[in-house]
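Encoded as structure tokens, the structure appears first; notes follow it.
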């Protein structure tokens, strides 16, 4: 991981390795406060890792150290047994999902597949309401122009009569077909 400066007052973290091969290299933006925390951890580290063992800064942080510490805190403050570090990933991606698109969330989380990301996002009851409130507050591009018919496709404003449709199809040597709505199928 390397910390670089962006054009704004935020900073970029270059992640070189991750859990999955395709999600290893990515850039994440952090604020000044997080940059200072990471720089302090890097300065204190006596190995190639940012997060080191609490007992020996020359060794990387063990795989279960944080979970063990979290379990001790849970017992002390009597929280829900599922309130762990991994739950924070779910919380972060759910909250970030209100401000960005699913593919950006996938990138930030380092997921190889969008389906994995979608398992982390848990929409809240008011999220849909907020979406349409925000959408309603946006300035509409057609607000300045007066338009009496559909802006997107004025040709299809009115459906042709059955007689006109039959005449059109016979002129083109086409036969009418029934329109069938296709349902999404699981992949």
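Would you point out which residue out of 85, 105, 138, 93 is modelled with pLDDT under 85 and closer than 30 Å to residue 26 by Cα?
Of the residues listed, the single one that is modelled with pLDDT under 85 and closer than 30 Å to residue 26 by Cα is 85.
Check off (1) over 30 Å from residue 48 (Cβ atoms); (2) not assigned by TED's automatic domain parsing to the domain that holds residue 130 for residue 71 and give me the number that stays unchecked.
Going through (1) over 30 Å from residue 48 (Cβ atoms); (2) not assigned by TED's automatic domain parsing to the domain that holds residue 130 one by one, residue 71 breaks only (1).
Of the conditions (1) outside any helix (DSSP H, G or I); (2) within 30 Å of residue 133 (Cβ to Cβ); (3) more than 12 Å from the chain's Cα centre (by Cα), residue 55 satisfies every one except a single condition; which number is it?
Of everything listed in (1) outside any helix (DSSP H, G or I); (2) within 30 Å of residue 133 (Cβ to Cβ); (3) more than 12 Å from the chain's Cα centre (by Cα), residue 55 misses just condition (2).
Residues are listed down the side, and each one gets a yes or a no for (1) over 11 Å from the mean Cα position of the chain (by Cα); (2) in a helix (DSSP H, G or I):
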site	(1), (2)
80	yes, no
83	yes, no
93	no, yes
98	no, no
118	no, yes
126	yes, yes
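Which condition from (1) at pLDDT 90 or above; (2) in a strand (DSSP E or B) is the one that residue 3 breaks?
(1)
Considering only the range 76-90, state which residues are surrounded by 10 or more Cβ atoms within 10 Å (Cβ to Cβ) and either farther than 30 Å from residue 121 by Cβ or without any contact (Cβ under 8 Å) to a residue 24 or more places away in the chain (or both).
Selection gives 79, 83, 84, 85, 86, 87, 88.
List every residue pair whose Cβ atoms lie under 6 Å apart, where the two residues are 6 or more positions apart in sequence or sit on different chains, the first residue falls within the range 114-140 and is within 19 Å of residue 104 (Cα to Cα), and the second residue, located anywhere, is surrounded by 11 or more Cβ atoms within 10 Å (Cβ to Cβ) and at pLDDT below 80.
Between residues of the range 114-140 that are within 19 Å of residue 104 (Cα to Cα) and residues that are surrounded by 11 or more Cβ atoms within 10 Å (Cβ to Cβ) and at pLDDT below 80, there is no close pair.
May I ask you to list the residues in the range 35-50 that are assigned to a loop (DSSP other than H, G, I, E, B) and surrounded by 14 or more Cβ atoms within 10 Å (Cβ to Cβ)?
45, 49, 50
The values are calculated or read from the model by the stated rules, or taken from the named source; none is laboratory data. Quantities reported herein were computed from a predicted structural model and do not represent experimental measurements. For neighbour counting, all protein chains shown are included, and Cβ atoms are generated from backbone atoms with ideal geometry for every residue, glycine included.
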